[in-house]
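Worksheet for the structure shown next.
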Protein chains: 2
Amino acid sequence: MIMRFTHKASALAVVLFAAILLSFWMSVDYRTVDLRSQPGSTLKKLFDQRVQLLQESYSEIPFRIKESVLGMLFPRVSAKVFHTAFQASELEEVKRRRAEEYQSFKKRSQSAADFIIVAEANSPLQYPTQGVKVQPKKTILIPGLGLKEQPKKLHSVNLTSTLGIFDVAAEVEMVKVEGVGEKHITLSSNFLPHLNRQLQFVTYTNTHFHPNTADTVEFCTEGYTAVFTIKIRHSLIPKLYNPGSGRGYKISKLVTIATKTFLRYDKLQVLIDSIRQFYPTVTIVIADDSEHPKPVTGPYIEHYIMPFGKGWFAGRNLAVSQVTTKYVLWVDDDFIFTSDTKIEKFVDVLEKTTLDLVGGAVREVTGYTATFRHTISVEPGDEDGDCLHIRRGFHHGIQGFPNCVVSDAVINFFMARTDKIQQVGFDPQLVRIAHLEFFIDALGVLHVGSCNDVIVSHTSKIKLPWGQSETDKAYAKFREPSTTTQVAQDRLFYFKNRLQCLTYK
Amino acid sequence: MIMRFTHKASALAVVLFAAILLSFWMSVDYRTVDLRSQPGSTLKKLFDQRVQLLQESYSEIPFRIKESVLGMLFPRVSAKVFHTAFQASELEEVKRRRAEEYQSFKKRSQSAADFIIVAEANSPLQYPTQGVKVQPKKTILIPGLGLKEQPKKLHSVNLTSTLGIFDVAAEVEMVKVEGVGEKHITLSSNFLPHLNRQLQFVTYTNTHFHPNTADTVEFCTEGYTAVFTIKIRHSLIPKLYNPGSGRGYKISKLVTIATKTFLRYDKLQVLIDSIRQFYPTVTIVIADDSEHPKPVTGPYIEHYIMPFGKGWFAGRNLAVSQVTTKYVLWVDDDFIFTSDTKIEKFVDVLEKTTLDLVGGAVREVTGYTATFRHTISVEPGDEDGDCLHIRRGFHHGIQGFPNCVVSDAVINFFMARTDKIQQVGFDPQLVRIAHLEFFIDALGVLHVGSCNDVIVSHTSKIKLPWGQSETDKAYAKFREPSTTTQVAQDRLFYFKNRLQCLTYK
């Protein structure tokens, strides 16, 4: 996509771009790879520069800003900030290390498939702009290549790649092909239909192994260049669970109940007894970091002893790591199952929708029932980090499930797909009170919902964040980092999640 | 991208496509979403049909197949098959259930960002083909839109989406904009530069929440349609680990050693003592499913008691779930650290490259040292499943690390990024002997390497798969499913990973 700029800067950018691609093309050593950065990462800057040049064209034509839309592009809010969790003396060093870790993270997680590419207008080139993928070291036919121009003496196109080589799967008469088995191939013919027929048989073979990256291919003819991406990735092998034979939902085959306990064996036993009234053969996994662990026995009970006080999320991560059924139901050790706790409803939602996790409702001794539905969004920031916005509420209702909604976070009573919840995990660095941190780690990975018609009772007299009179008080913690726990959690938000601030409403 | 086909079938496809998009456009109820399938999934079939039509053009021009390349496109191998792990009587039912689970998996993991899209030649439309993304329910400026045609009375373009609405961030004189705030917007002007200036300010707002999907946008002018994708996804919040202050690698801050033990407390103690000679303060996490657990104590030791015989991979998953440092080093409980076991070298590789996991070498009592490097590839299959190909060897050397290579699987002595290994996990369904299954689950997720200059000694007299005389014997298990364990593992390959066969060389 080399635009006919008269701009000197853009001409320079084009030459530079071609030079870099040429250097990749000419280096044919497959014996070693340079893993100190993602393949093709040098090109990103060039792509960004070209998009910028496009946006700067027509600059002589004035415009009038629409404030309402501007507000949606650049929202402004006041927030709690996290850098205050660090001493002033250590903050510069912490910022520097965080930036280093973030650069390393980006190197590993971004690829040429993330660049903005703009298709040039009026180009005689036809080519695939999306969907071309190849497994590492494998070969594919490139779909959709073509040249559509007026008849002329010689029709010619060429392709250039950086992480693979080209060939043809079949040969068409009266077409000359040069560069077979190389990173640069030229195809030419006096007859356009023949060239187009030949273009249906161009193959790409990935030569530079990487389990998950992308190659940038330039497709050129005289005066025009198109750019497209070939994704290079190992097949993602599915993780399917066998639900067992027969009709209907066999809860004991589909669901494992998981919980963590600490010092509350009496409450734990009440929970287990209540579960057994309704689900006599469901496996219950218990992570226990009590100081003097007592046996917890019974059929279909799995009891895990942890080092004393190892922690809340460590215990959650442990319990969930042991589940072998398709779904896992999280409960706290002071819940009680009642006849309203029909977990088949959770299974029904997860079986029939694309949700990965569905929360229920917790009924306090007062009768107050909470679902703790929240939405979460991330406002991208500069090198100081992003800002997180958490709001009570939900996104949408769910068709076919009138008691259910879509949200980003729910209460601590939920059922989830085991493979997905294991993929996100509960960070064992969170030792004491933590809840929303899991859903923050889950953003973009889990599709979360909430149904208010699956209700579990809560026996504890300890006040929890979602108690009716407690919401504002509990989240005062987000505003005043007065305790050691809060400081530790703020430091984690700052470094681990690269957040500078959070707002909560 | 409506090509000027004279083909009736393609004309029909176009009308159908437009009709479906129109129906999405007209449904403006944001209160509920239908989660029974991925948004936009009906369009996939149409995209596939259009690519097919392109490939069938020029069919009158003959070609001659190149056998060598055909071989790379369609390789043929003989293999061990997995369906034999099921009784003939249950196989049909198992196949049916597996197909159901797979359909559900695809619904959740695919989106409009996976379709093949082909850019039409000679279109006056300029538009972004890659890289446009928006967070759920947020707004972006669409980059790169333009119309490049000869001056005429009226220049007009329109955009249509399914999961969002359009607006303009700024207004340009002498441009008419209709459909602001809707899924279909039309922009027109008598002056082409003014229309192009206005196109620099078109915004897209996602209205249909989904944590990870894509919208298909049609960008049209008279006679031409271009299609591009806007990815809709929550920001992926990073998981960065704080390596601590000061220069150099502080192993105790960066690394946790993890192992699983069963009945071998003497060997375990030898391992711990050998580690302590070189790394006195590194945390060692021990998962223990012995029948009569004994205490394992000492500073920086974390001992976890599991239900008796819970299993090998359950223990591995447990141990890894408890790690709070940036890296985790996996060791077997019968290894011994020596002066050759310099794990700083592992840290150096992981700090400086994009690798997620790096294996070392295990030295047997005989002196034989193994790295167990393998490559793995997946041959896509039909509804009977894919076929896995495992080969001894590696892909490439690694620049800057002459003792290291890139592969897909390594020996059971390795260091990995904690967040990545937790993301893949060790499937607790694997109770007894298992090793490569982890690397199969890791395909496309972990970037794996192997360095032969970090060596640990192995004390056990039990023969392991990578013993010099044992390789073929051990993998005879892949060929003859004679034991209960092997049958259970084959059933897992068949159902969980949807594999029909495996070859090993």
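The values are calculated or read from the model by the stated rules, or taken from the named source; none is laboratory data. None of these values were measured; they are calculated from a predicted model. As a convention, Cβ positions derive from the backbone with ideal geometry for all residues, glycine included, and neighbour counts pool all protein chains shown. Keep in mind that these areas ignore ligands, DNA and RNA; they rest on the heavy atoms of the full protein, side chains included. Shrake-Rupley method; radii C 1.70, N 1.55, O 1.52, S 1.80 Å.
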Can you run phi through the Karplus equation (6.51, -1.76, 1.60; θ = phi - 60°) for segment B:185-194 and list ³J(HN,Hα) in whole Hz, with x for Gly and Pro? 10, 10, 10, 8, 7, 7, 10, 4, x, 5
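In Å, what Kirkwood hydrodynamic radius results for segment A:157-216 from the alpha-carbon pair distances? Let's see the in-between values first.
Values: mean 1/r = 0.0832 Å⁻¹.
Computed over Cα pairs of segment A:157-216, the Kirkwood hydrodynamic radius comes out at 12.0 Å.
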Taking 7 Å along the Cα-to-C-beta vector as the label spot, tell me the A:E178-B:D266 distance in nanometres, rounded to one decimal. 7.4 nm
Residues of A:228-238, mean number of Cβ from any other protein chain within 10 Å of their own Cβ, rounded to a whole number? 6
A:S123's amide H: which non-local residues (gap 5+, or another chain) put their own amide H closer than 5 Å, with H modeled 1.01 Å from N in plane and none for Pro or chain starts? B:N122, B:S123
Which of the chymotrypsin sites (Phe, Trp or Tyr not before Pro) across segment B:289-359 are loop residues per DSSP, with 12 or fewer other Cβ within 10 Å? B:F308
Using just the helices of chain A, give the 222 nm mean residue ellipticity in deg cm²/dmol: DSSP H runs with n ≥ 4 each add -39,500 (n - 2.57), and the total is spread over all residues, rounded to 500. -8000 deg cm²/dmol
Residues in segment B:149-181 occluded by at least 50 Å² - accessible area, probe radius 1.4 Å, against chain by itself: B:A169, B:E171
For Cα pairs less than 8 Å apart in space and 6+ apart in sequence, what is the mean separation divided by the residue count of segment B:251-504, i.e. the relative contact order in percent? 23 percent
Cα→Cβ-extended label distance, 7 Å offset, between A:K342 and A:R96, nm: 6.2 nm
Radius of gyration, Dmax [segment B:174-317; alpha carbons; angstrom]: 30.6, 87
Cysteines in the protein assembly as shown lacking a second Cys C-beta under 4.7 Å: A:C220, B:C220
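In Å², nearest 100, what accessible area do chains A and B bury in total when the solvent probe is 1.4 Å?
13500 Å²
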Report the trypsin sites (Lys or Arg not before Pro) located in segment A:367-468 that are in a DSSP loop and have at most 11 other Cβ atoms inside 10 Å of their Cβ, or state none. A:K461
Counting other Cβ atoms within 10 Å, keep those with at most 15, restrict to DSSP loop, and tell me which trypsin sites (Lys or Arg not before Pro) in segment A:64-116 are left. A:R76
Pairs of Lys in segment B:63-173 closer than 28 Å at Cα, counting only those 8 or more apart or on different chains: 11
Treating cross-link reach as a plain straight distance, find the aspartates and glutamates whose alpha-carbon is under 16 Å from the alpha-carbon of A:K267, omitting any fewer than eight places away in the same chain. A:D288, A:D289, A:D332, A:D333, A:D334, A:E364
Round to the nearest 0.05 the FRET efficiency obtained for B:S460 and A:Q49 when R0 = 45 Å and r is the Cβ-Cβ distance. 0.20
With every protein chain present, what is the per residue accessible area of chain A (1.4 Å probe, Å²)? 41 Å²
How long, wide and thick is chain A, going by the Cα atoms along their three principal axes, in whole angstroms, largest first? 89, 59, 46
Using alpha carbons only: equivalent-ellipsoid semi-axes of segment B:116-163, gyration tensor based, whole Å: 24, 15, 10
With θ set to phi - 60° and the Karplus curve 6.51 cos²θ - 1.76 cosθ + 1.60, what are the ³J(HN,Hα) couplings of segment B:317-327 in order, to the nearest whole Hz, using x for Gly and Pro? 5, 5, 4, 5, 5, 9, 7, 10, 9, 5, 10
Of all the Cα-Cα pairs you can form in segment A:251-504, what percent are over 25 Å apart? 42 percent
Fraction of antiparallel bridges per DSSP, the protein assembly as shown only, in percent to nearest 5: 70 percent
Using Cα-Cα distances under 8 Å and only pairs 6 or more residues apart, what relative contact order does chain B have, in percent? 14 percent
Rounded to the nearest 10, the angle in degrees between the Cα long axis of helix B:265-278 and the longest principal axis of the Cα atoms of chain B comes to 70 degrees
Relative to the compact-globule estimate 2.2 N^0.38 Å (N residues), the Cα gyration radius of the protein assembly as shown stands at a ratio of 0.96
Estimated inter-spin distance, B:E351 and B:E171, nm [label 7 Å along Cα→Cβ]: 5.9 nm
Segment A:224-292 and segment A:354-389: distance between their alpha carbon centers, rounded to Å: 20 Å
Solvent-accessible area, 1.4 Å probe, carbon plus sulfur percent, for the protein assembly as shown: 55 percent
